[in-house]
Amino acid sequence: MHIPDGFLDLSVIVATYALAAIFWVIASIKTKRALGEKEVPLLSIMTAGVFAAQLINFPIIGGTSGHLIGGTLIAILFGPYAAVVSMTVILVIQAFVFGDGGVTALGANVFNMGVVAVFSGYLIYKGIASGATKGKRVLFASFVAAYMSVVLGALACGLEIGVSSNFPYGVNVTVPLMVLWHLVIGVGEGLITLLVLASLLRSRPELLSSEAGK
C-alpha cells in the first residue's frame, strides 16, 4: 500500500500532507497526555513489530505494494491517537531510511495507513465489541476490524492514485486492483490481530481494559 514518488499529482500531495499533519499534531498532544510509563515500552515493542511486518511487501500495480498494516492492533491496545503516532513513525522511517514509499507520497501513506486504517479499524472494533474486554466477541471484533481497516486503507490509496492526473490509469483500474488484493491480504491481517489479542488476553488482560491512549 506504500505509494512511491511520481504517482500523485501536486493537489493530492498537498491535501494528504495537510490531513496527515493535522491528525499528527492532534494525536501527538493526546498521546502525550494519555500514555503512562507502563504503556510506553509496550507501545515501542508493538511499533517495532509492526514495522518489521510491513517490510514484507507484495507488488500490485506499477510499483505500489500490498502488505499488513497493524494499525488496528495498536489502536485496540492503546487507542487510535497512539496508533496514529506509531504508524507515522513507522512510515517516516520506512520512507527516509528504507526507501519504502515515496517522500512526496508520505502524507498519503500516513493518511491511508495511519489515519483511515487506524480510525476505521478502531471504530469498527468498538462497535462490534460493545464494551467487552474479553471473550469471543472481542476476538471476532478484532478480526473484522483489522480486515476492514486494510480494505478501507486500500480504497483510499486507490482513489488517490486514480484521481492523480499524472498516473496513466483512472480509479476504474486503481481502486479494483488495490481493493481486490487487500480483500485477500486483510484475512492475514485479521488472523494475526486475533491471535496477538488472544495471547494478550491470557498474559496481559489489563491492556484491553485500560486502552491507554483513547
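We did not get these values from a lab; they are worked out from the coordinates using the rules stated. All of these numbers come straight from a predicted model, not from anything done at the bench. All Cβ positions, even for glycine, are placed from backbone atoms using ideal geometry, and neighbour counts span all protein chains on display.
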| For the chain, modelled as a GNM with alpha-carbon contacts under 10 angstrom, which of Ala21, Ala108, Ala156 fluctuates the most? | Ala21
| said: Quick check: pseudo-label points 7 Å beyond the Cα along Cα→Cβ at Phe98 and Asn172, how many nm apart are they? | reply: 3.6 nm
| request: Round to the nearest 10 and give me the degree value, 0 to 90, for the angle of helix 117-129's Cα axis relative to the longest principal axis of the chain. | output: 40 degrees
| message | Can you give me the C-alpha center-to-center distance between region 140-211 and region 9-55, rounded to a whole angstrom? | response | 16 Å
| said: Counting each pair of different Cα atoms once, what's the Kirkwood radius of the chain in Å, rounded to one decimal? | reply: 16.9 Å
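Pulled fully out, how much extra length does the chain show between Ile29 and Asp9, if you take 0.36 nm times their separation in residues and subtract their Cα-Cα distance? Could the numbers behind the result be given before it?
Working: separation 20, 0.36 × 20 = 7.20 nm, distance 3.06 nm.
Computed gain between Ile29 and Asp9 is 4.1 nm.
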| Relative to the longest principal axis of the chain, what angle (0 to 90°, nearest 10) does the C-alpha long axis of helix 80-97 take? | 50 degrees
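In nm, what is the difference between 0.36 nm times the number of residues separating Ile22 and Val89 and their Cα-Cα distance?
On the way: separation 67, 0.36 × 67 = 24.12 nm, distance 1.51 nm.
In short, 22.6 nm is gained.
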